[in-house]
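*Asks:* Questions regarding the structure given below will be posed in turn.
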Amino acid sequence: MDRLTTRSFLELLREAVPDALVVASLGRTAVECAKAFPDSLRLDAMGCVTPVAAGVALAVDEPSFVVALDTDGSLLMELSALAVLPAVLELASERLCVVVVDNAILEASGAMPRAPAKIDWVQLVASFALRAAIFECGSAEALVRALRDNDVLIATVDNRGESEPLQPSDVTGREAAVRFRSALARETGRPQPCPAIKP
Amino acid sequence: MTPGGSRFVSTLVHSGVELVTAVPDSLTASALHDVGSCEALTYIQAADESSAVCLAAGFALAGRRSIVIMENSGLRRGCEALARLGLTHGIHVVALISYRGAFGEANWWGIGHHATMAPLLDALGLRSAEVRTADELARRLPEAYSMFQTRETSVALVVHREALDG
């Protein structure tokens with residue numbers, strides 16, 4: 001495999017952690033995530049992905065595993081999300097990994113280059129006392145190891161060869177949330193509280 | 001002895017709260033210190049209100065009770081998260097918001113916090129109630145979770161200093 005695309009990375013992620021609870025960002029990441037992890041929570045909320053996933057990780061028990069499938073643009077929008085991760089990981093390090101799909105462009109907004117173009121992600125993440133690595137290619141086994149050995153994994157992707165235009169999602173944000181709640185209830189064995197008191 | 005040694009912590013625990021996320025301010029600092037000392041509560045301090053809201057929201061998705069605690073000025077920092085999660089995804093939170101700029105406010109910087117609070121609560125679709133005493137907080141918090149449990153709205157308790165005492 002020469003280079004990763006968002007699609008090939010999501011296929012690899014599914015192979016690596018098929019039962020993961022995934023909270024994902026928007027755009028192409030959401031489109032491919034919907035195929036790989038149909039019950040994932042695709043958030044139309046840049047900056048919210050990592051901290052929402054961290055909250056989920058605090059709520060579940062092992063062996064549940066939560067992936068925050070963030071993107072470079074989304075994480076940059078709310079870098080303070082990194083500031084809560086050390087405290088969260090102190091309680092849930094075996095249940096959470098943040099994956100940042102880094103295409104270095106704002107693809108859903110017309111493929112404008114990201115500003116700044118060059119970011120030393122590993123150094124940035126390490127400054128929050130978090131373990132980070134770049135994942136550019138490799139097997140599912142290698143990805144499992146990388147997820148296990150790091151708090152934040154930067155998946156470098158290049159979608160320039162993708163010929164299919166992005167299709168709008170046929171699942172609304174509310175529907176995605178309902179599906180994810182149901183998946184969480186199945187995973188944890190904890191039913192959702194009843195939303196009414198009158199029969 | 002109440003959990004964590006304070007009335008406030010006892011109210012949280014008896015309401016079934018398990019996770020507290022917060023950006024402390026001078027009104028909530030003492031209460032949050034007690035929260036951090038309580039073994040029955042998980043306390044995560046955030047650097048900004050957006051992260052605090054998101055953490056609480058993620059935890060609550062699993063059917064467990066969380067609360068986000070912030071100053072009312074934090075509504076402005078938390079706007080995007082509250083709007084995207086609440087209005088776009090129907091993912092809600094229970095918030096306890098300290099009331100800076102309430103009538104009698106003696107700090108110049110607190111006055112503007114009052115001016116933006118009510119319009120933001122309304123615009124973001126948070127149902128809210130003002131809470132003036134610890135007794136009232138003990139009564140209102142279970143009501144807040146009853147309403148939150150409908151999955152139709154976020155709920156905010158706007159608390160005066162006296163409600164956090166004791």
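*Asks:* Only one residue in A:Asp39, A:Asp61, A:Asp44 is at the interface with chain B (Cβ under 8 Å from one of its Cβ atoms) and surrounded by fewer than 24 Cβ atoms within 10 Å (Cβ to Cβ), so which one is that? I'd like the intermediate steps shown before the answer.
*Replies:* Values: A:Asp39 fails: at the interface with chain B (Cβ under 8 Å from one of its Cβ atoms); A:Asp61 fails: at the interface with chain B (Cβ under 8 Å from one of its Cβ atoms).
That would be A:Asp44, the only listed residue that is at the interface with chain B (Cβ under 8 Å from one of its Cβ atoms) and surrounded by fewer than 24 Cβ atoms within 10 Å (Cβ to Cβ).
*Asks:* Scan the stretch B:50-79 residue by residue and report those that are of a type in the set (S, T, N, Q) and either under 16 Å from A:Ala57 (Cβ atoms) or within 7 Å of chain A (Cβ to nearest Cβ) (or both).
*Replies:* Quick first cut of the stretch B:50-79, residues of a type in the set (S, T, N, Q) only: B:50-51, B:66, B:72-73.
Result: B:Ser50, B:Ser51, B:Ser66.
*Asks:* Does A:Ala81 count as farther than 21 Å from A:Val17 by Cα and surrounded by 15 or more Cβ atoms within 10 Å (Cβ to Cβ)?
*Replies:* Considered against the rule, which asks whether it is farther than 21 Å from A:Val17 by Cα and surrounded by 15 or more Cβ atoms within 10 Å (Cβ to Cβ), A:Ala81 comes out as yes.
*Asks:* Test A:Val171 against the stated conditions and say whether it is among the β-branched types (Val, Ile, Thr) and assigned to a helix (DSSP H, G or I).
*Replies:* Spelling it out, it is not the case that A:Val171 is among the β-branched types (Val, Ile, Thr) and assigned to a helix (DSSP H, G or I).
*Asks:* Follow-up. Can you report the number of residues in the stretch A:174-199 which are among the small types (Gly, Ala, Ser) and under 18 Å from the mean Cα position of the chain (by Cα)? Steps first, please.
*Replies:* Initially, the stretch A:174-199 is screened for residues among the small types (Gly, Ala, Ser), giving A:176-177, A:182-183, A:185, A:189, A:196.
Checking which are under 18 Å from the mean Cα position of the chain (by Cα) leaves us with A:176-177, A:183.
The number of residues fulfilling the criteria is 3.
*Asks:* Of B:Ala95, B:Ala81, B:Ala138, which residue is out of contact with any His (no Cβ under 7 Å at 6 or more places or on another chain), buried (at least 24 other Cβ atoms within 10 Å of the Cβ) and under 15 Å from B:Leu12 (Cα atoms)?
*Replies:* Within the list B:Ala95, B:Ala81, B:Ala138, the selection yields B:Ala95.
*Asks:* B:Leu121 versus (1) at pLDDT 95 or above; (2) closer than 18 Å to B:Ala31 by Cα; (3) outside any strand (DSSP E or B): which is the lone unmet condition?
*Replies:* Exception for B:Leu121: condition (2).
*Asks:* Looking at the stretch A:149-199, which of its residues are more than 14 Å from chain B (Cβ to nearest Cβ) and free of Cβ contacts under 8 Å to residues at least 24 places away in the same chain?
*Replies:* A:Asp149, A:Arg160, A:Ser163, A:Glu164, A:Pro165, A:Pro168, A:Asp170, A:Pro199
*Asks:* List, please: which pairs have Cβ atoms under 7 Å, are six or more places apart or on different chains, and start with a residue in the stretch B:146-166 that is within 14 Å of chain A (Cβ to nearest Cβ) and end with one that is among the polar types (S, T, N, Q)?
*Replies:* B:Met147/B:Thr153
*Asks:* Moving to a separate point now. If a residue has to be hydrophobic (A, V, I, L, M, F, W, C), assigned to a loop (DSSP other than H, G, I, E, B) and within 14 Å of chain B (Cβ to nearest Cβ) to count, how many in the stretch A:7-36 make the cut?
*Replies:* Residues meeting the conditions: 1.
*Asks:* All but one of (1) farther than 30 Å from A:Ala176 by Cβ; (2) in contact with a Ser or Thr (Cβ under 9 Å, 6 or more places away or on another chain); (3) within 12 Å of chain A (Cβ to nearest Cβ) hold for B:Ala47; state the number of the condition that does not hold.
*Replies:* All conditions pass for B:Ala47, except number (1).
The values are calculated or read from the model by the stated rules, or taken from the named source; none is laboratory data. Please read these numbers as outputs of a predicted model, since none were measured by experiment. Note that we place each Cβ from the backbone using ideal geometry, even for glycine, and neighbour counts take in every protein chain shown.
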